[in-house]
Every structure is written in C-alpha cells, then in structure tokens.
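Participant: My structure is below; once you've seen it, I'll send some questions.
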Amino acid sequence: MTSAGLRSHGSGESRRRRIVAIGVTAAGLVSLGVPRLTAQSLLISGHAGTEARVFSSAPLVPEQPRWLSFSAKAQPELILTLGDQVVVSGIALLRIDESDTQRSYADVREALVQIDQGPLLGRFGINTVFWGVTESRHLVNIVNQTDYLDDLDGDEKFGQLMALLSYDMGDLGLIDVFAMSWSRPQLFPSDQGRPGVPVRVQDDSPVYESDQDEWHVDVALRWSHSFAELDWAASYFYGTSRDPELIPSGTIDQPALVPRYDLIHQVGLELQWTRGGWLWKAESIVRAGQGPFFAAVTSGFEHTTVGFLGSTTDLGILLEYSYDGRDNLTFNMYDNDLFGAVRLSLNDVQGSEILAGVLTDVKSGVTYGTLEASRRIGDSWRLELLGRLFWASDEGDPLYWFRRDDYLQTALEYHF
C-alpha cells in the first residue's frame with residue numbers, strides 16, 4: 001500500500017544514482033588533493049565467534065525456535081596506511097543464524113579512505129559514526145541505520161555511504177559536514193526470527209517520500225566543542241528518516257506492515273557535564289516532516305564510586321528519563337520512560353564488566369530488563385553474557401510484540 005506523494009521502492013534508476021553517489025565521493029577526494037600514495041603498514045585484526053540464545057517461554061509464532069537458537073559471526077578489520085596523510089580502513093560483518101534467514105547476512109560497516117590535511121580531515125566511502133552521550137537511548141544518533149537484527153538495544157549500526165569533511169577550528173571546536181546517499185532500510189526479523197514480530201513487516205518493499213527512493217542525497221552538519229567541564233554538540237540533519245513509520249497493510253487473515261520513509265528535518269543537541277564522579281547528560285531533538293512536528297529528550301546522570309568499599313571495583317549508578325512527543329507508528333519504546341542501571345568495572349586483568357538495568361514506562365508499567373557482562377579469557381578469547389527480559393501487558397507498546405521472548409545469550413569470541 002502506498003500513500004499519496006510516496007513512491008514504491010524500485011530499481012528504475014538505481015545505476016544512475018549509484019554513479020552520482022560515487023561521483024560525489026570522487027569530487028571530495030579531488031577537492032582535498034590526494035597526495036602520493038606509498039604503502040607503509042597494514043594491520044589486520046577482528047574477531048569471530050558463536051552465540052547461543054536460550055528462551056524461557058514458548059514462542060507466539062509456531063515457526064519460531066522453541067527454546068534454543070544458535071548463530072555465528074565474524075568481523076574482520078583492516079587498516080592500510082598510505083603515505084603520511086592517507087589511511088584506508090575496512091570493517092566487514094558476516095553473520096549466519098540457524099533459524100532466522102533475515103539474520104543471516106553480510107554487511108560492510110566501513111570501507112573508508114581518510115585524508116589528513118592539517119585542520120581539514122576528509123573521509124570518503126562507507127562509514128559508521130556515533131553521536132550522543134546518554135546510555136539508555138542514543139536519541140540524536142541519526143546518520144546510520146540501526147541494526148536491530150544484531151540486538152534490540154540499537155547500539156549496532158549498518159554502514160552508510162558518505163563524504164565527511166571535518167574542520168578543526170581550534171578554540172572554536174570541530175565542524176563536521178556530511179553528504180550521504182543510499183539510505184539503508186530498517187530490517188526486521190523473518191517469520192522464523194526470535195525475538196520477532198507477530199505481524200510481517202514488508203521491509204523488502206518500502207515506500208519513500210523522495211522520488212530518488214533510497215538514493216536521495218542527505219546532508220548533515222554537526223558542531224562539537226568542549227569548554228572546561230562541559231562537552232556539547234549541536235547538529236542538523238535533512239534527508240530520509242532512518243526510523244520508518246509502519247503502515248498497516250495486507251488483509252485481516254494476513255496482516256502486514258509497510259515501512260514508509262519520509263524526508264525529515266531534525267535539529268539535535270548533546271550536553272555532558274563532568275564534575276568529580278558525576279556525569280550529567282542530556283540529548284534532545286526537534287523533528288519536522290514525519291507526521292506532526294515533535295520534540296524528544298533523554299537526560300539523566302551517572303555517578304561512579306572509584307574503589308567501592310575499599311576494593312578495586314568501580315561502581316556506577318545510572319538514572320535517565322526519556323520523553324518522546326511523536327504521534328506516529330514508528331518503532332519507539334521511549335515515549336515516557338525511566339531507566340535505572342548499575343555498572344560494575346572490576347578492574348581485574350580479565351577486564352570484567354557488568355551492566356544491569358531496567359527501562360520502565362512511567363504510565364503503563366511496561367518494563368524492559370537488560371543484563372550485559374563480559375570477561376577476557378587469556379590473551380585472545382572473550383566471553384559475553386547478555387540478557388533481555390520483557391514485562392509487557394499494554395498492547396499499544398512496541399515491547400508487547402516480545403512479551404514471550406525473554407532470553408539469555410552467551411557468546412564466545414576469538415580476537416585476532
């Protein structure tokens with residue numbers, strides 16, 4: 001189903017748009033002046049491992065795995081230094097899931113040429129960037145598409161084709177200017193995926209407001225600065241939304257959701273004040289173009305006690321509140337929520353860390369529990385433990401989809 005003013009995704013002029021996007025990148029390289037290239041060093045690293053998820057309840061959908069699922073992934077990385085001013089870097093991700101075909105995929109997180117010209121730094125190719133300061137939600141972090149197939153916490157991102165120019169203004173801070181294309185669609189689990197959605201999401205046939213579909217040229221600007229104990233950044237983004245509206249489609253017997261990507265304007269602000277063992281954090285946005293104009297904010301603090309009770313362990317206490325005023329059908333679970341967590345850093349040789357927290361909707365009581373722990377084994381191995389719990393009785397909350405999908409995940413990784 002398409003709405004007025006929107007076009008279904010198609011391949012009519014995809015080749016031409018790819019050429020335009022590549023041309024933008026090439027023009028950026030020429031504008032900086034590529035120096036003579038001489039290979040100086042090559043560093044290859046990365047990790048590979050396996051994951052096992054154990055679910056506590058039978059699934060809502062019969063096709064989903066009942067109690068146990070396995071996956072394997074590899075993430076190689078390379079850094080090639082060419083001359084004194086040019087660095088080529090790459091990060092790839094390959095995942096194979098034994099039950100969810102959608103979760104079996106390959107992605108290029110980074111394929112980047114970086115050119116350093118004093119205060120001006122250029123990056124051209126596929127890149128992953130991060131904006132934001134808060135723990136529970138990265139509200140302003142809009143450049144890359146979120147990889148929810150990896151984990152629901154939204155920390156992992158797909159690579160984004162871009163040209164990025166950064167100018168260091170000294171005492172006035174840092175300016176980043178982005179030109180981007182090939183907006184990645186948000187991917188959802190297949191019918192066999194768990195955690196999964198009970199209604200099929202047609203993410204292979206999205207609709208776009210732009211007549212260039214996913215090849216619309218998006219632009220962004222970010223100014224970041226540090227002043228004494230205060231770090232702040234202001235940003236502006238215009239382009240294809242990364243979080244689509246999910247429009248009901250299909251039939252009564254076979255309902256479906258169609259992702260719709262609008263063109264949006266977003267202004268963001270990040271603040272972090274460091275004072276002793278306290279970190280006070282805030283992120284806020286205002287957005288137009290995706291339904292009614294709305295504002296959203298996440299703010300709170302983290303307090304760290306170094307050497308808790310005379311031990312070598314650092315104890316962190318986190319508390320954050322999120323408000324989101326949007327009135328649309330995006331996958332948003334932060335409309336009126338309180339997040340509390342405890343972080344333990346044991347400061348041992350194995351680098352052991354634990355983070356446990358809960359996110360609770362202040363009005364409905366819907367709660368999302370999270371546990372993350374990791375520890376090195378020897379010089380090359382790492383063991384991780386991940387827990388996700390869903391207490392959801394409100395049918396209007398997105399977490400209601402996962403009410404039977406509590407799970408505990410163990411991962412063993414080899415780092416090279």
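Participant: For the stretch 49-63, indicate whether the set of residues that are open to solvent by 30 Å² or more (accessible area, probe 1.4 Å), at pLDDT 95 or above and of a type in the set (A, V, I, L, M) is non-empty.
Facilitator: yes
Participant: If you don't mind, there's one more thing I want to ask. Tell me, which residue of the stretch 95-135 that is under 14 Å from the mean Cα position of the chain (by Cα) and assigned to a loop (DSSP other than H, G, I, E, B) is surrounded by the fewest Cβ atoms within 10 Å (Cβ to Cβ)?
Facilitator: So, considering only residues that are under 14 Å from the mean Cα position of the chain (by Cα) and assigned to a loop (DSSP other than H, G, I, E, B), the one surrounded by the fewest Cβ atoms within 10 Å (Cβ to Cβ) is PHE130.
Participant: Now, a different point. Within the stretch 261-298, can you find the residues that are in a loop (DSSP other than H, G, I, E, B) and either free of Cβ contacts under 8 Å to residues at least 40 places away in the same chain or open to solvent by 30 Å² or more (accessible area, probe 1.4 Å) (or both)?
Facilitator: GLY276, GLY277, GLY289, GLY291, PRO292, PHE293
Participant: Still on this model: Could you tell me whether any residue of the stretch 214-232 is in contact with a Pro (Cβ under 8 Å, 6 or more places away or on another chain) and either under 21 Å from GLU283 (Cβ atoms) or among the hydroxyl-bearing types (Ser, Thr, Tyr) (or both)?
Facilitator: no
Participant: Starting from residues that are of a type in the set (A, V, I, L, M), over 21 Å from ASP107 (Cα atoms) and buried (at least 20 other Cβ atoms within 10 Å of the Cβ), keep the ones in the stretch 198-220 and report whichever is farthest from the chain's Cα centre (by Cα).
Facilitator: The qualifying residue farthest from the chain's Cα centre (by Cα) is VAL207.
Participant: Next up: Going by the structure shown, is LEU161 of a type in the set (A, V, I, L, M), at negative phi, modelled with pLDDT under 90 and under 19 Å from the mean Cα position of the chain (by Cα)?
Facilitator: No.
Participant: Go through the stretch 221-240 and give me each residue that's at positive phi and either surrounded by fewer than 16 Cβ atoms within 10 Å (Cβ to Cβ) or without any contact (Cβ under 8 Å) to a residue 40 or more places away in the chain (or both).
Facilitator: Scanning the stretch 221-240 gives a single hit, ALA228.
Participant: Looking at the stretch 367-416, which of its residues are in contact with a strand residue (DSSP E or B) (Cβ under 7 Å, 6 or more places away or on another chain), not in a strand (DSSP E or B) and not aliphatic (A, V, I, L, M)?
Facilitator: Across the stretch 367-416, the qualifying residues are SER380, ASP397, PHE402, ARG403, ASP405, ASP406, PHE416.
Participant: List the number of the failed condition for ALA92; all other conditions in (1) touching a Pro at 6+ places or on another chain (Cβ under 7 Å); (2) not in a strand (DSSP E or B) hold.
Facilitator: All conditions are met except number (2).
Participant: Give me the residue from the stretch 307-324 that is part of a loop (DSSP other than H, G, I, E, B) and open to solvent by less than 60 Å² (accessible area, probe 1.4 Å) and, out of that set, farthest from HIS138 (Cα to Cα).
Facilitator: Here the residue is SER311.
Participant: To continue, here is another question. Which condition breaks for ASP327 when tested against (1) over 24 Å from ALA234 (Cβ atoms); (2) modelled with pLDDT of 95 or more; (3) touching a strand residue (DSSP E or B) at 6+ places or on another chain (Cβ under 9 Å); (4) open to solvent by 30 Å² or more (accessible area, probe 1.4 Å)?
Facilitator: Here ASP327 clears every test but (2).
Participant: Ok, one more. Which members of the stretch 148-159 meet the condition of being farther than 21 Å from ILE285 by Cα and open to solvent by less than 20 Å² (accessible area, probe 1.4 Å)?
Facilitator: Across the stretch 148-159, the qualifying residues are LEU149, ASP151, PHE158, GLY159.
Participant: With the requirement that a residue be part of a strand (DSSP E or B) and either surrounded by fewer than 17 Cβ atoms within 10 Å (Cβ to Cβ) or hydroxyl-bearing (Ser, Thr, Tyr) (or both), what does the stretch 161-174 give you?
Facilitator: The answer is SER166, TYR167, ASP168.
Participant: Name the pairs: first residue in the stretch 114-125 and farther than 15 Å from ASP84 by Cβ, second residue modelled with pLDDT under 95 and of a type in the set (Val, Ile, Thr), Cβ to Cβ under 7 Å, at least 6 apart or on different chains?
Facilitator: These pairs meet every condition: PHE124/THR25; GLY125/THR25.
Participant: Within the stretch 168-226, restricting attention to residues that are of a type in the set (Gly, Ala, Ser) and touching a Lys or Arg at 6+ places or on another chain (Cβ under 9 Å), which residue is farthest from TYR407 (Cα to Cα)?
Facilitator: SER210
Participant: Return the pair list, or none, for Cβ contacts closer than 6 Å from residues in the stretch 186-209 that are over 22 Å from ARG388 (Cβ atoms) and in a loop (DSSP other than H, G, I, E, B) to residues that are modelled with pLDDT of 90 or more and not hydroxyl-bearing (Ser, Thr, Tyr), at least 6 apart or on different chains.
Facilitator: Sorted first by the residue in the stretch 186-209, then by its partner, the pairs are GLN202/ALA256; GLN202/VAL258; PRO206/PRO185; PRO206/PRO259; GLU209/ASP262; GLU209/LEU263.
The values are calculated or read from the model by the stated rules, or taken from the named source; none is laboratory data. Since the model is a prediction, treat every value here as computed from it, not as a measurement. Methodologically, a virtual Cβ is constructed for each residue, glycine included, from the backbone with ideal geometry; neighbour enumeration extends over all protein chains shown. Note: accessible area is taken over every heavy atom of the protein model, side chains too, but ligands, DNA and RNA are not part of it. Shrake-Rupley method; radii C 1.70, N 1.55, O 1.52, S 1.80 Å.
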